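Below is one structure; the comments refer to it alone.
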């Protein structure tokens, strides 16, 4: 079963997908639709085309574990996504994944422009890989 990983953002939504054995996460790209409904439709299309069996969405909790405004926006997005997809959706703690993705790209000497273009899908990959690793223990 393939699993889709999502790093939700208002401007861009990072997308990653697992292999069929749900072992390795690979970045797919970003959804940059204007408006939540268009973004949800684009993701629902990916779910169907790639035969996804589960969706993992990064939940940006505050460092103390509480739910802040960004997490509230993400939860609202997930509620919209649930209306367009019958695939189970699970929230996953994504604290510091965007920072980790950026740090990895800086260490790999990726230009600032390329980092901006790739940060969201790399964060989605880290979120999904973290989830996959937790399942194999």
Inset, instruction - Check residue 9 against each of (1) at pLDDT below 95; (2) buried (at least 17 other Cβ atoms within 10 Å of the Cβ); (3) under 14 Å from residue 85 (Cα atoms) and name the one condition it does not meet. - result: (3)
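Look through 53, 35 and report the one residue that is more than 14 Å from the chain's Cα centre (by Cα) and over 24 Å from residue 116 (Cα atoms). Steps first, answer last, please.
Values: 35 fails: over 24 Å from residue 116 (Cα atoms).
Residue meeting the stated conditions: 53.
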Inset, instruction - Among what's in the stretch 93-103 and is assigned to a loop (DSSP other than H, G, I, E, B) and either in contact (Cβ under 8 Å) with a residue 24 or more places away in the chain or touching a helix residue (DSSP H, G or I) at 6+ places or on another chain (Cβ under 8 Å) (or both), pick the residue that is nearest to residue 7 (Cα to Cα). - result: 94
Legend entry - Looking only at the stretch 104-137, and only at residues there that are free of Cβ contacts under 8 Å to residues at least 12 places away in the same chain and not in a helix (DSSP H, G or I), the one that is surrounded by the most Cβ atoms within 10 Å (Cβ to Cβ): 110
Legend entry - Pick from the stretch 40-75, criterion in contact with a helix residue (DSSP H, G or I) (Cβ under 8 Å, 6 or more places away or on another chain) and in a helix (DSSP H, G or I), ranking: surrounded by the fewest Cβ atoms within 10 Å (Cβ to Cβ): 41
Legend entry - Failed item in (1) under 13 Å from the mean Cα position of the chain (by Cα); (2) buried (at least 16 other Cβ atoms within 10 Å of the Cβ); (3) outside any helix (DSSP H, G or I), with residue 90 passing the rest: (2)
Inset, instruction - Working only within the stretch 76-87, note down all residues that are surrounded by 13 or more Cβ atoms within 10 Å (Cβ to Cβ) and assigned to a loop (DSSP other than H, G, I, E, B). - result: 85, 87
Legend entry - Matching residues in the stretch 14-39 - criterion: being surrounded by 17 or more Cβ atoms within 10 Å (Cβ to Cβ), closer than 14 Å to residue 77 by Cα and out of contact with any helix residue (DSSP H, G or I) (no Cβ under 6 Å at 6 or more places or on another chain): 39
Legend entry - Condition broken by residue 29, with the remaining ones in (1) assigned to a strand (DSSP E or B); (2) out of contact with any strand residue (DSSP E or B) (no Cβ under 9 Å at 6 or more places or on another chain) satisfied: (2)
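The values are calculated or read from the model by the stated rules, or taken from the named source; none is laboratory data. Being a predicted model, the structure only gives us computed values, none of them experimental. As a convention, Cβ positions derive from the backbone with ideal geometry for all residues, glycine included, and neighbour counts pool all protein chains shown.
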